[in-house]
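First the structure, in the form of structure tokens, and then the observations on it.
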Amino acid sequence: VTIEYEDVFDCSARLISGSGIRSVNVSNNEVVDGNTTTFTAILEDNFEFDGWYSDAEGTNKVSSDITYVATITQNTTLYAKGTLLYDVSVYGDENLNVSSSSNRAKGGTPITVTATPTSNRYEFKGWFSNEGRTTLVSTDNPYTFTLTKDTVLYGASSLSETMYVKVNGVWSPCSKVYKKIDGRWVEQLVLSGLFD
């Protein structure tokens with residue numbers, strides 16, 4: 001009688017506490033040497049899957065796949081880890097179209113927000129952290145920042161200091177503006193006094 005022995009290894013799935021993993025599962029807890037088992041994880045809301053790790057501290061990544069098929073050659077315990085995602089919201093006033101490179105991303109991600117005036121009669125004024133547009137964050141456009149928390153930005157515009165005239169239905173900038181004073185045309189340097 002010939003008796004052949006095959007090694008059978010124990011497999012288990014764990015989660016790293018506080019990392020956004022709701023539950024984990026392994027398809028087979030006892031696996032014959034060289035066969036496979038499948039590790040799966042379910043995420044909490046507002047998290048993305050970071051990876052399966054061979055240590056409880058989450059430093060030695062084995063796979064980035066949320067459903068990971070592993071070939072087993074030893075007793076194996078894997079730990080699932082997630083990463084919190086932050087929301088990005090941008091709002092423009094009635095004279096701005098605004099956009100963001102991402103509406104949700106993990107911390108440390110560079111985000112770029114852009115504002116485009118709806119007309120050349122308006123210019124971008126700045127990004128503000130409050131709806132009343134009183135707390136200035138940046139006057140850069142586009143504006144790039146590193147995401148560290150949920151972020152809401154409000155774009156603001158102002159009437160351009162450049163004088164525009166409508167010619168054949170199209171607004172065009174004027175290089176100089178003149179006003180007739182006492183029968184003479186005089187260059188108007190201060191636009192606010194143009195219609196006095």
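The values are calculated or read from the model by the stated rules, or taken from the named source; none is laboratory data. Note that the coordinates shown come from a computational prediction; the quantities given were computed from them, not determined experimentally. Glycine gets a Cβ as well: all are built from the backbone with ideal geometry, and neighbour counts include every protein chain shown. Ligands, DNA and RNA are excluded from the accessible area calculation, which covers all protein heavy atoms including side chains. Shrake-Rupley method; radii C 1.70, N 1.55, O 1.52, S 1.80 Å.
For the range 26-120, dividing the convex hull volume of the Cα atoms by the residue count gives 118 Å³ per residue. Report the FRET efficiency, 1/(1 + (r/R0)^6), for Lys176 and Thr118, where r is their Cβ-Cβ distance and R0 is 25 Å, rounded to 0.05. The computed FRET efficiency comes out at 0.45.
Accessible surface of the range 1-85, 1.4 Å probe: 41 percent of it comes from carbon and sulfur atoms. Along the chain, the longest continuous region that contains none of the GluC sites (Glu not before Pro) in a DSSP loop with at most 10 other C-beta atoms within 10 Å is 7-56. Each 5 Å bin from zero up to the one holding the largest Cα-Cα distance in the chain carries the following percent of pairs: 1, 7, 11, 11, 9, 8, 7, 7, 7, 5, 5, 4, 4, 3, 3, 2, 2, 1, 1, 1, 0, 0, 0, 0, 0. Taking other residues whose beta carbon is less than 14 angstrom from the beta carbon of Leu147, and scoring Lys, Arg as +1 and Asp, Glu as -1, yields 0. In this structure the chain gives 63 Å² per residue of accessible area when probed at 1.4 Å with all protein chains present. Counting only heavy atoms of the protein chains and using a 1.4 Å probe, Tyr86 has close to 50 Å² of accessible surface.
Diffusion of the range 68-153 by Stokes-Einstein, at 4 °C in a medium of 1.567 mPa s and with Rh set to the Kirkwood radius over alpha-carbon pairs, works out to 85 µm²/s.
Give the carbon-plus-sulfur fraction of the accessible surface of the range 90-191 in %, rounded to a whole number; probe 1.4 Å, heavy atoms of protein chains only. Within the range 90-191, the accessible surface is 48 percent carbon and sulfur.
Using a cutoff of 8 angstrom between alpha carbon atoms and counting only pairs six or more residues apart, the relative contact order for the range 27-179 works out to 18 percent. Annotation: Lys179 carries an accessible surface of approximately 40 Å², with a 1.4 Å probe and no ligand, DNA or RNA atoms counted. For the range 1-76, the relative contact order comes to 32 percent (Cα pairs under 8 Å, sequence separation of at least 6).
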